[in-house]
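S.K.: Take this structure first; my questions come after.
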Amino acid sequence: MSDSEPCDDCGEPTTDALSRTVRLTVDRSQIDAQRLCPECFAEWIDRYEREMQSETQVISDDGTDIIVD
Ligand SMILES: [Zn+2]
């Protein structure tokens with residue numbers, strides 16, 4: 001299998017099966033997208049929830065915020 005690509009954060013080779021992609025969008029414009037290994041993904045969500053806590057929801061159906069594939 002050659003479906004390993006580096007994590008956008010730590011650079012560790014991560015297979016598609018394990019990687020998570022996060023996309024941060026505001027008003028339907030993508031402002032950030034990262035392909036992360038499970039560890040960095042967990043940290044990212046952690047950080048996101050801390051920073052955005054009172055302002056936005058982590059996942060919302062209509063409009064803004066974060067999409068996790
Ligand atoms: Zn990583």
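The values are calculated or read from the model by the stated rules, or taken from the named source; none is laboratory data. Just so it is clear, the model here is predicted, and its values are computed rather than measured. Here the Cβ is made from the backbone with ideal geometry for all residues, glycine too, and neighbour counts use every protein chain on show. What goes into the accessible areas is simple: the full protein's heavy atoms, side chains included, and nothing from ligands, DNA or RNA. Shrake-Rupley method; radii C 1.70, N 1.55, O 1.52, S 1.80 Å.
S.K.: Report yes if ASP61 is loosely packed, with under 14 Cβ neighbours inside 10 Å, at pLDDT 80 or above and of a type in the set (D, E, K, R), otherwise no.
M.R.: The answer is no for ASP61.
S.K.: Assuming ILE66 fulfils every condition listed in (1) among the β-branched types (Val, Ile, Thr); (2) surrounded by fewer than 16 Cβ atoms within 10 Å (Cβ to Cβ); (3) at pLDDT below 90 apart from one, which condition is it?
M.R.: (2) is the only condition that ILE66 fails.
S.K.: What is the residue count in the range 22-36 for residues that are away from the ligand (no atom under 15 Å from the Cβ) and either open to solvent by 40 Å² or more (accessible area, probe 1.4 Å) or within 12 Å of GLU5 (Cα to Cα) (or both)?
M.R.: Final tally of qualifying residues: 8.
S.K.: Scanning the range 6-21 for residues that are within 12 Å of the ligand (Cβ to nearest atom) and assigned to a strand (DSSP E or B), which turns out least open to solvent (accessible area, probe 1.4 Å)?
M.R.: So the residue we want is THR14.
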